[in-house]
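Just so you know, all these numbers are worked out from the coordinates, no wet-lab data involved. Note that the structure is predicted; figures quoted are calculated from it, not measured. Note that we place each Cβ from the backbone using ideal geometry, even for glycine, and neighbour counts take in every protein chain shown.
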Amino acid sequence: MRQVHPEFAPRPGLTRGEMESLQRRVAAAATFEDDVSFDPTSVSLTDPDTTTLTATSDPPLVAGIDQSFLDDSALSAVVVLRGGEVVERVHAVSELDLPYIPGLLSFREGGPILDALAKLDSDPDLLVFDGSGRIHFRQAGLATHLGVVCDVPSIGVAKSLLCGTPDEDVDGRPEGWRTPIRADDSMDAVGGHPATPETVIGYAYQSRQYDSRPIVNPLYVSPGHRLSAETAVDIVSRLGGDYKLPEPTRLADAYADEAKAQYD
């Protein structure tokens with residue numbers, strides 16, 4: 001998988017000011033409206049050969065992306081699905097140049113993820129990241145940053161809320177519930193992308209709830225690139241399996257742990 005806009009790729013050696021400036025340029029280049037080559041309603045976890053879909057409406061290739069860590073290196077894992085079928089798995093081990101800094105995750109993990117994406121033989125139609133997209137101080141989280149670099153529709157699925165304000169309280173909600181996340185005053189307005197209290201930057205989405213377990217917290221879904229917030233959360237709901245995480249990133253997480261065992 002190639003980088004369409006390598007000029008936006010995270011690179012080592014930048015100051016904090018330079019990293020934040022690059023994020024603003026990435027956000028200005030991002031599209032937070034639907035611009036996809038597939039029908040979002042065709043996203044599915046059903047095996048293509050068991051559906052009645054035509055060849056032209058087969059489920060798109062969806063890549064789930066996650067990481068594990070080895071001392072000072074990141075192991076980036078990518079699992080590509082078409083429907084419920086895994087069609088490709090790749091991973092890469094890359095040195096880390098930065099510690100974790102809130103709001104600058106793409107500069108720590110973005111380069112290693114691009115190393116893994118470069119190993120793919122397939123060209124995914126959609127990238128699903130364990131991290132934020134537009135829900136970010138400069139509207140350029142990991143999913144937005146790498147979605148713009150690759151110019152591929154992308155979604156960020158985070159387990160905690162970096163910024164923004166939910167319309168409703170998120171605690172103890174039933175499975176399938178969702179509420180908009182709106183921009184707050186910690187966020188920059190970038191390019192043509194406002195950051196007003198009316199701006200919906202993502203959704204809190206309750207993917208699972210279990211009678212026999214403690215209350216499960218929601219996921220925070222935001223568009224990375226070339227998707228609206230509404231379509232992003234609809235797609236994540238279509239990618240839900242038996243677990244809290246959407247199936248592509250859950251499988252990537254499991255594969256990252258499996259691949260890590262080779263290096264222990």
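When the helix-only estimate is applied to the chain (DSSP H runs of n ≥ 4, each -39,500 (n - 2.57), divided by the residue count), what is the mean residue ellipticity at 222 nm, nearest 500 deg cm²/dmol?
-7000 deg cm²/dmol
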- With the dipole of the chain worked out from charges on the C-beta (+1 for Lys and Arg, -1 for Asp and Glu) around the Cα centre, which of Pro153, His136, Val62 lies farthest toward the positive end? His136
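Quote the FRET efficiency, to the nearest 0.05, computed for Thr196 versus His5 with a Förster distance R0 of 30 Å and r equal to the Cβ-Cβ distance. If you can, show how the numbers build up before the last one.
Details: r = 27 Å, r/R0 = 0.92.
FRET efficiency, Thr196 to His5: 0.65.
Quote the relative contact order of the stretch 82-140 in percent (integer), defining contacts as alpha-carbon pairs under 8 Å separated by 6+ residues.
On the way: 30 pairs, mean separation 20.0, N = 59.
Relative contact order here is 34 percent.
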- Note on the structure: Candidate cut points under chymotrypsin sites (Phe, Trp or Tyr not before Pro) in the stretch 137-234, DSSP loop plus at most 14 other Cβ atoms within 10 Å of their own Cβ, are Tyr210
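Where does each of 15-28, 63-76 land if you order them by average Cβ count within 10 Å, highest first?
On the way: 15-28: 16.9, 63-76: 20.4.
So the order, starting with the most tightly packed, is 63-76, 15-28.
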- Item | Kirkwood hydrodynamic radius of the chain, from inverse mean 1/r over distinct Cα pairs, in Å | 18.3 Å
- Averaging sequence separations of C-alpha pairs under 8 Å and six or more residues apart, then dividing by the length of the stretch 199-264, give the relative contact order as a whole percent. 27 percent
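How big is the charge dipole of the stretch 6-260 about its Cα centre, in debye rounded to the nearest 20, if each Lys and Arg gets +1 on its Cβ and each Asp and Glu gets -1 on its Cβ?
Working: 21 positive and 41 negative charges, 85 e Å.
About 400 debye.
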- Once fully extended, how much extra length lies between Ser42 and Arg213, figured as 0.36 nm per residue of separation less the alpha-carbon to alpha-carbon distance? 58.4 nm
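If you place +1 on the Cβ of every Lys and Arg and -1 on the Cβ of every Asp and Glu, how big does the dipole about the Cα centre of the stretch 43-181 come out, in debye to the nearest 20? Present the calculation step by step, with values, prior to reporting the outcome.
Details: 9 positive and 22 negative charges, 69 e Å.
Roughly 340 debye for the stretch 43-181.
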- So, with points 7 Å from each Cα along the Cβ direction, the Glu175-Ala261 label distance in nm works out to 2.8 nm
